[in-house]
Amino acid sequence: MPFSASYAPSRQHETLGPDFYDPVQAADFPERILRFRNQAWSERVGLGALTHDEWLAHFGGFSPLPGSFSAPLALRYHGHQFRSYNPELGDGRGFLFAQLRDDSGRLLDLGTKGSGQTPWSRSGDGRLTLKGGVREALATELLESLGVETSKTFSLVETGEALYRNDEPSPTRSGVLVRLSHSHVRIGTFQRLMYLSERDNLAKLLDYSIQTYMPDVWRDDIGERATAFVREVSGRVARMGAQWTAAGFVHGVLNTDNINITGESFDYGPWRFLPVLDLGFTAAYFDATGLYNYGRQPQALLWNLMRLAECLTPFAPASALEEAVSAFEPAFEAEFRAAVHRRMGVREPAERREPGLAQALWTFLAESRIPFERTFFDWRGGMASEARAMESPFSGFYTSEAFAPVRAELAGLEPIDAARLDQADPAGAGPCTLLIDEVEAIWAPIAERDDWSAFDAKIAAIRKMRAGA
């Protein structure tokens, strides 16, 4: 098999023991048609030289990767779903297929979505609609380009089954997705052990998580390392939430089983990007109360972190754990400011200004209702892009009184990369976006005539933006 010298497989998760997972077998799909292959990331984990057939054997048929798990592992976890506790969760249509290290030595997971039934499937068929896989591939590609810590869509294979779903026209096509992610240890993984009163396994999971993903957090005293762990996870989750906010992204389902300990966004269902800044914008049609709308996402993440802290009360005082969670809010504010400066392509000032670029820009976006991505596109690099911004179709917004505070904040800020300022837009294409109508327009020709050209073009456009071309 053509694995490169950088291929470094792992079986790290097995060291937790059989109380944490169930070995399973993947579904035997009638067809395997490769629809998406993430070549850049496959090269980073030593799999870039796999042939087409070898790729399908591993990521459509789930033949084990040498040196990793001999059988896939369906992970066990519980979780709060829209704040109602559900003790019947777990990997119901996915599993941990393999672990391996990237070119910097970081441990990564290859997890699946739509790979068949497991002991945790309940009444589900364990499958994924092809449209769901397409949507996840698009979301992860754009979020990565916008600087969000996210899982990567590694592979998407069409599997030749007709699926029936209540929320889209049926029958619909099926697919199996493989994601590359830093960790699949979730807040819900801890919740399950607390619910079952498995104190020894809870301590084992705590120590595994620290030693595997954040060794600098280790403390000899278990109470101290529990609080240090919660503080670290709070900071990482705050970073993720701040990056979502700066990207105008709404995840849609912020249940505790969808938040992992490394603070990396994953498991994309009814996601949306904002057309305009709207704090009440809700992604999921079934989120009737707007619990997880755009403006409430930080609050939802903080609530979930409090559930993690509760799980560790056997080892540390509740007051100490609550204090550790309080790291979330200042971390969120700092990470949001940093994310906005990165997105605007300007260096954050050495000393904090008041009100600051982030607040000035968000006030302008809320008052003006200008398309959310447009100002980032027009003003990338700050005042160095003024002439280009004033040629924008939206230049009238930038001469308004509402924009004056943004202009004042941009004054004196240096571009991060002057070489990336030339984003002339002679064709009037504007910024690269993924609004819901665009996603539906990408899917329509796939559904109607198996035409993937719009999907391929959008992936290419996103990657072009990422490269600064």
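No value in this document is a laboratory result; all are computed from the given coordinates. Model, not experiment: these values are computed from the prediction. Glycine also receives a Cβ, built like all others from the backbone with ideal geometry; neighbour counts cover every protein chain displayed.
Of the residues 276, 262, 140, the one whose Cα sits farthest toward the positive end of the charge dipole of the chain, with +1 on the Cβ of Lys and Arg and -1 on the Cβ of Asp and Glu, is 140. Work out the charge dipole of the range 8-181 with +1 on the Cβ of Lys and Arg and -1 on the Cβ of Asp and Glu about the Cα centre, then indicate which of 62, 81, 92 is farthest towards its positive end. Projecting each Cα onto the dipole axis, the largest value belongs to 81. Shown in residue order for the range 379-395 are the 3J(HN,Hα) couplings computed by the Karplus curve 6.51 cos²θ - 1.76 cosθ + 1.60 at θ = phi - 60°: 10, 4, x, x, 5, 5, 9, 4, 4, 5, 4, 6, 9, 5, x, 9, 4 Hz (x for Gly and Pro).
This model, with +1 at the C-beta of Lys and Arg and -1 at the C-beta of Asp and Glu, gives the range 8-181 a dipole about its Cα centre of some 240 debye. As a proxy for reagent exposure, 377, 229, 97 were ordered by neighbouring Cβ count within 10 angstrom, fewest first; the result is 377, 97, 229. Think of each Lys and Arg Cβ as +1 and each Asp and Glu Cβ as -1; about the Cα centre, that makes the dipole of the range 187-336 roughly 280 debye.
Taking a cut-off of 16 Å, what percent of all Cα-Cα pairs in the range 44-130 are separated by more than that? Here the tail beyond 16 Å accounts for 62 percent of pairs.
Amide H to amide H distances under 5 Å link residue 81 with 86, where only residues 5 or more positions off or on other chains count and H is placed in the peptide plane.
Here's how it looks for residue 150: its modeled amide H is under 5 Å from those of 265, which are all 5 or more places away or on a different chain.
Among 222, 459, 261, 442, sorting on how many other beta-carbon atoms sit within 10 Å of each Cβ, with the fewest leading, yields 222, 459, 442, 261.
The phi torsions of the range 41-53, fed into the Karplus equation with coefficients 6.51, -1.76 and 1.60 and a -60° offset, translate into couplings of 6, 5, 5, 5, 10, x, 10, x, 8, 4, 6, 4, 5 Hz, rounded to whole numbers, with Gly and Pro shown as x.
Extension gain, residue 276 to residue 452: 0.36 nm times the residue separation minus the Cα-Cα distance gives 60.5 nm. Working note: Karplus 6.51/-1.76/1.60 with θ = phi - 60° gives the range 160-167 the couplings x, 10, 9, 9, 10, 10, 7, 9 Hz, where Gly and Pro are set to x.
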